[in-house]
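The values are calculated or read from the model by the stated rules, or taken from the named source; none is laboratory data. Please read these numbers as outputs of a predicted model, since none were measured by experiment. Methodologically, a virtual Cβ is constructed for each residue, glycine included, from the backbone with ideal geometry; neighbour enumeration extends over all protein chains shown. When the accessible area is computed, the model is the full protein with side chains, heavy atoms only, and any ligands, DNA or RNA have been set aside. Shrake-Rupley method; radii C 1.70, N 1.55, O 1.52, S 1.80 Å.
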Amino acid sequence: MTVLTYLPDSMPTLSLPQICPYLRCREEDLAPEHLEQIARILAQAEIVMDPKLCYIQLPLHLEEGRVALGEALHIQSRSLAAHLQNCTSCILFCATIGPGIERKLAANRTRPATAAVWDAVGTAGVEALCDQFCRELSPDGPYRFSPGYGDLPLSLQMKLAELLETHRRIGVSVTDSLLMTPMKSVTAFLGVRT
């Protein structure tokens with residue numbers, strides 16, 4: 001069982017349409033000064049984000065709501081089994097953009113509007129990193145599926161972090177309350193159909 005590390009040369013380029021859903025607004029509703037602020041933060045974010053991902057690809061066996069990933073992991077989840085239908089293997093992964101966004105959030109805690117933009121940029125950033133990875137490794141596969149979706153327990157993040165050695169490989173830990181640090185991190189299953 002070999003865990004691999006994926007270190008993209010750069011972050012995927014983020015744009016306003018990717019940020020707006022996390023700000024709960026539409027582009028046309030933003031005032032010029034807000035657009036300028038978002039543009040400044042996007043430029044700074046390219047510097048502070050540190051994209052990293054580790055993953056492992058395992059053989060997949062499905063049986064009546066059970067998912068077996070080689071000998072490494074056996075999961076009772078009808079939701080995940082249905083999601084991975086017609087796949088031959090599964091990639092487990094953990095992605096992060098590092099702690100830079102958290103530092104910016106902390107520095108702007110007394111400026112809630114600025115902190116909200118940093119938070120939205122961080123969320124869009126980790127999502128873009130996951131999307132880029134998924135397109136590269138499983139272009140025809142189903143969308144990723146994370147602990148907490150459907151009947152897949154959030155507590156599974158602990159096991160994924162352990163299997164992937166996330167703390168050692170990319171600096172991601174899972175707390176006892178199941179929060180990930182850095183907080184702009186994602187664990188997921190990605191089905192592969194070939």
Quiz item: Can you tell which of I101, T123, C134 lies farthest toward the positive end of the dipole of the stretch 99-194, using +1 and -1 charges on the Cβ of basic and acidic side chains (Lys, Arg; Asp, Glu)?
Solution: I101
Self-check item: Ranking by accessible area, most exposed first, for S173, S77, S155 with a 1.4 Å probe
Solution: S155, S173, S77
Quiz item: Using the alpha-carbon centroid of each, what span in Å lies between the stretch 1-71 and the stretch 127-173?
Solution: 11
Quiz prompt | Phi-based couplings in Hz for the stretch 85-98 (Karplus 6.51, -1.76, 1.60; Gly and Pro marked x) | solution = 3, 6, 9, 9, 8, 9, 9, 9, 8, 10, 10, 8, 10, x
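With +1 on each Lys and Arg Cβ and -1 on each Asp and Glu Cβ, and nothing else charged, work out how big the dipole of the stretch 1-147 is about its Cα centre, in Debye to the nearest 20.
Working: 12 positive and 17 negative charges, 80 e Å.
Result for the stretch 1-147 is approximately 380 debye, rounded to the nearest 20.
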Practice problem: Grab the eigenvalues of the alpha-carbon gyration tensor for the chain, scale each by 5, take roots, and send me the semi-axes largest first in whole angstrom. | Solution: 32, 17, 15
Quiz item: Along the stretch 34-42, what does the Karplus equation 6.51 cos²θ - 1.76 cosθ + 1.60 (θ = phi - 60°) give for ³J(HN,Hα), rounded to whole Hz, x for Gly and Pro?
Solution: 6, 4, 5, 4, 4, 4, 5, 5, 4
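Run the dipole for the stretch 129-194 about the Cα centre, Lys and Arg Cβ at +1, Asp and Glu Cβ at -1, nothing else charged, and hand back the magnitude in debye, nearest 20.
Numbers: 7 positive and 7 negative charges, 25 e Å.
Charge dipole, the stretch 129-194, about its Cα centre: 120 debye, nearest 20.
Okay, helix-only estimate at 222 nm for the chain: each DSSP H run of n ≥ 4 adds -39500 (n - 2.57), divide by all residues, round to 500 deg cm²/dmol; what do you get? Display every interim value, and only then the final one.
Working: 7 runs with 79 residues, N = 194.
Using -39500 (n - 2.57) per qualifying helix, the result is -12500 deg cm²/dmol.
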Quiz item: To the nearest 10 Å², what's M180's accessible area with a 1.4 Å probe?
Solution: 20
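Taking the solvent-accessible surface of protein heavy atoms with a 1.4 Å probe, what is the per residue accessible area of the chain in Å²? List each step's numbers first, then the result.
Details: 9940 Å² over 194 residues.
Spelled out: the 1.4 Å probe surface of the chain, per residue, equals 51 Å².
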Exercise. At 1.4 Å probe size, with no ligands or nucleic acids counted, give the accessible surface of D140 in Å², nearest ten.
Key: 110
Quiz item: Of R169, R193, R40, which has the most accessible area with a 1.4 Å probe, and how do the rest follow in descending order?
Solution: R40, R193, R169
Quiz item: Probe 1.4 Å, all protein chains in place: accessible area of T181 in Å², nearest 10?
Solution: 60
Self-check item: Portion, in percent, of the accessible area of the chain that falls on carbon or sulfur, probe 1.4 Å
Solution: 51
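Just by accessible area at a 1.4 angstrom probe, what is the order of T5, T114 from largest to smallest?
T5, T114
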